[in-house]
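The structure appears below as structure tokens.
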Amino acid sequence: MHDESHPETQWGLDTLAIRTGHHRTAEQEHGEPIFPTSSFVYESAAEAARKFVGEEPGNVYSRFTNPTVQTFERRLAALEGGERCVATSSGMAAILSTALALLQAGDEIVASRSLFGSTVSLFDKYLGKFGITTRYVELSDLAAWEAAITPSTKLLFAETPSNPLSEVGDISALAELAHRHGAWLAIDNCFLTPALQKPLALGADLVIHSATKYLDGQGRAIGGAVVGPDALLAELFGVVRTCGPCLSPFNAWIFLKGLETLGLRMQAHCDNAQRLAEWLEAHPAVERVYYSGLASHPQQALAARQQKGAGAVLGVEIRGGREAAWSVIDATRMLSITGNLGDVKSTITHPATTTHGRLSDEQKRAAGIREGLIRLSVGLEDVADVQADLARGLDALIR
């Protein structure tokens with residue numbers, strides 16, 4: 001948290017996103033500088049020794065102390081309302097670093113079944129071989145979460161809204177459950193960002209980000225971050241310092257530029273996604289639209305309580321299975337066919353064969369990843385143009 005005497009404590013989110021964390025150098029620059037250097041020099045051997053052991057603050061080596069990266073970390077921590085942020089080389093590196101910092105052989109994770117495919121692979125294939133077990137439950141079923149917890153459970157992990165079905169978990173209830181059993185709760189917040197959801201304020205211990213998504217917002221760079229209390233982040237910082245999954249200064253600078261427009265972009269994303277979701281839900285070629293801003297969403301009331309907006313990722317079930325879904329994707333001329341999301345450019349993909357393609361058929365069924373499902377990340381183009389691009393394939397299915 002910020003010192004209460006500091007004016008930043010009174011700033012709103014948009015001001016924090018533009019002004020926080022930048023300490024001007026002797027050059028008195030207006031914009032944030034980039035420090036593309038591997039290391040830093042000292043006036044004496046004694047100064048170097050003090051800084052290496054942490055007796056004196058200062059930069060040592062850009063794997064773990066770089067001014068540009070630290071500016072991004074301070075800014076994101078302020079936006080999420082956390083004491084500290086540790087930046088990483090990707091969103092997956094953020095999740096891995098969290099696990100390495102908090103868990104050891106014999107510990108257990110309880111996670112939502114509705115996770116990004118790579119997160120499931122990390123938990124099962126890689127953490128699993130080091131003796132860390134993961135149990136999966138329905139995101140919205142609190143009884144299932146409680147039943148899955150054992151004395152060895154140390155971490156509850158969830159994406160909310162989920163990818164790509166926009167399921168919503170009750171963060172406050174999950175936090176109470178985790179803490180009652182002596183576990184931590186980590187929430188992947190990359191779909192909504194702190195502009196739309198504040199998991200720490202709802203009781204979560206850690207917030208995970210793929211900064212690649214909306215924090216950047218323009219598909220330019222890969223990065224990740226973890227935000228939370230200093231007591232937990234100190235060990236996580238040790239993982240990044242020792243193991244090296246660090247964020248580059250240039251990517252940190254890109255994310256700083258992205259944060260400056262975060263609030264404006266997320267509101268515009270939500271407005272476009274809501275309009276598109278309502279249009280898609282009424283189309284006869286569409287079986288179902290998964291989006292927490294729709295009245296048809298089973299957790300719409302919960303979403304309205306803990307979110308300031310529904311985000312911009314839609315799960316759209318096309319009538320006719322994979323063949324129909326692929327035909328809609330292939331008929332587009334403007335949308336980008338890619339597995340990434342969170343861009344000003346709208347993107348479209350087939351989760352069963354891309355983002356969740358490494359899951360087994362059983363895992364896909366359990367997570368609701370059906371062959372007719374497409375995922376849309378709604379960008380900032382004119383919505384009428386996005387509709388027209390989708391209508392080319394959708395209308396062909398009902399002729």
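Read the figures in this text as sums done on the coordinates, not as results from a lab. Quick caveat: nothing in here was measured; it's all calculated off a predicted structure. Every residue, glycine among them, receives a Cβ derived from its backbone with ideal geometry; neighbour counts consider all protein chains shown.
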**Request:** About the Cα centre of region 263-396, how large is the charge dipole given +1 on each Lys and Arg Cβ and -1 on each Asp and Glu Cβ? Please answer in debye to the nearest 20.
**Result:** 400 debye
**Request:** Give the shape of the chain as rounded, prolate or oblate, defined through the alpha-carbon gyration tensor: a ≥ b ≥ c are the square roots of its eigenvalues, a/c under 1.5 means rounded, and otherwise the shape is prolate if a/b is larger than b/c and oblate if not.
**Result:** prolate
**Message:** Can you give me the long-range amide H partners of TRP184? Hydrogens built in the peptide plane at 1.01 Å from N, cutoff under 5 Å, separation of 5 or more residues or another chain.
**Reply:** LEU155, LEU156
**Prompt:** Mind listing the phi-derived Karplus ³J(HN,Hα) values for region 190-198, rounded to whole Hz, using 6.51, -1.76 and 1.60 with θ = phi - 60°, and x for any glycine or proline?
**Reply:** 6, 6, 10, 6, x, 5, 10, 7, 10
**Message:** Is there a quick way to get the dipole size of the chain? I mean about its Cα centre, with the Cβ of Lys and Arg at +1 and of Asp and Glu at -1; what is the value in debye to the nearest 20?
**Reply:** 720 debye
**Complete:** With a Förster distance of 51 angstrom and the Cβ-Cβ distance between SER44 and ARG322, calculated FRET efficiency to the nearest 0.05 equals 0.15
**Fill in**
For region 113-122, Karplus-derived ³J(HN,Hα) couplings (6.51, -1.76, 1.60; θ = phi - 60°; whole Hz; x for glycine and proline) come out as 5, 8, 10, 3, x, 5, 5, 4, 4, 4
**Asked** Using the Cα gyration tensor of region 96-237, with a ≥ b ≥ c the square roots of its eigenvalues, what is the shape: rounded (a/c below 1.5), prolate (a/b larger than b/c) or oblate (neither)?
**Response** rounded
**Request:** Give the calculated FRET efficiency between THR261 and GLN28 to the nearest 0.05, with a Förster radius of 22 Å applied to their Cβ-Cβ distance.
**Result:** 0.35
**Fill in**
Gyration tensor on Cα atoms of region 329-399, a ≥ b ≥ c root eigenvalues, a/c under 1.5 rounded, else prolate if a/b beats b/c, else oblate, says oblate
**Message:** Spelling out what I want: for every residue of region 279-287, take phi, set θ = phi - 60°, compute 6.51 cos²θ - 1.76 cosθ + 1.60 (Karplus), and round to whole Hz; glycine and proline get x.
**Reply:** 5, 5, 4, 8, 7, x, 7, 9, 7
**Fill in**
By Cβ neighbour count within 10 Å, fewest first, MET266, MET92 rank MET92, MET266
**Item:** Top of HIS297, HIS283, HIS30 by mean-square fluctuation, Gaussian network on the chain, Cα under 10 Å
**Value:** HIS30
**Gap separating the Cα centres of region 25-93 and region 339-355, nearest whole Å** = 33 Å
**Prompt:** What ranking of LYS345, LYS129, LYS198 emerges when the number of other C-beta atoms within 10 Å of each C-beta is taken as an exposure proxy, fewest first?
**Reply:** LYS129, LYS345, LYS198
**Message:** For a quick check: sort ARG265, ARG220 by the number of other beta carbons within 10 angstrom, fewest at the front.
**Reply:** ARG220, ARG265
**Asked** Helix 230-243: angle to the longest alpha-carbon principal axis of the chain, degrees 0 to 90, nearest 10?
**Response** 90 degrees
